[in-house]
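Engineer: Here it is, the structure, as structure tokens.
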Amino acid sequence: MSRFALAILSCLLFVSTIVRATDVNYCDNNEEYQVKVHGVVISPDPIVTGQPATFSISANTDNVISRGKLVIEVSYFGWHIHSETHDLCDETSCPVAVGDFLVAHSQVLPGYTPPGKYSLTMKMLDGRKELTCIKFSFKIGLGSSSSVADM
């Protein structure tokens, strides 16, 4: 293998350790949600306060979705600490066509956000109808001192 090919392979392996899929669970395993979530990728992982963090959710639908909202609830050590609501069409292209689509949300967490493990519940709603509801965990590192070694 050439040095160039080896360098490319090393870079890809390094990036794959920084950006990895997060385990996702449905809020109700017995519910037949209209939107099926395939996975969540958080970048960077762990999240670094004061720097942009992106949550990318890959999903699939059998129906066109022309509007909706995302309701996000965040907990820290089991305590509800934050809620926010976003227009679905601000986070993905609308109308959402039948098939696979991606919902991506980026934001910068304030520097005073404590490090640790957080849980997030996200509901996708079309009016009052719940299209999907997922739960997953994520970590927040120690700000700019966080490194690949912390992962």
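Engineer: Take peptides 126-133, 65-72, 29-36 and line them up by average Cβ neighbours within 10 Å, highest first, as a rough protection proxy. Please list the in-between numbers first.
Structural biologist: Values: 126-133: 14.8, 65-72: 16.6, 29-36: 12.2.
Highest mean packing first, the order is 65-72, 126-133, 29-36.
Engineer: Tally up the carbon and sulfur contribution to the accessible surface of region 21-137 as a whole percent, 1.4 Å probe, everything protein left in place.
Structural biologist: Values: 3220 of 6420 Å².
Answer for region 21-137: carbon and sulfur cover 50 percent of the accessible area.
Engineer: In square angstrom, what is the accessible area per residue of region 21-137 with a 1.4 angstrom probe? Let's see the in-between values first.
Structural biologist: Values: 6420 Å² over 117 residues.
Each residue of region 21-137 exposes 55 Å² on average to a 1.4 Å probe.
The values are calculated or read from the model by the stated rules, or taken from the named source; none is laboratory data. If you're wondering where the values come from, they're calculated on a predicted model, not measured in any experiment. All Cβ positions, even for glycine, are placed from backbone atoms using ideal geometry, and neighbour counts span all protein chains on display. These accessible areas exclude ligands, DNA and RNA; they are computed on the full protein's heavy atoms, side chains included. Shrake-Rupley method; radii C 1.70, N 1.55, O 1.52, S 1.80 Å.
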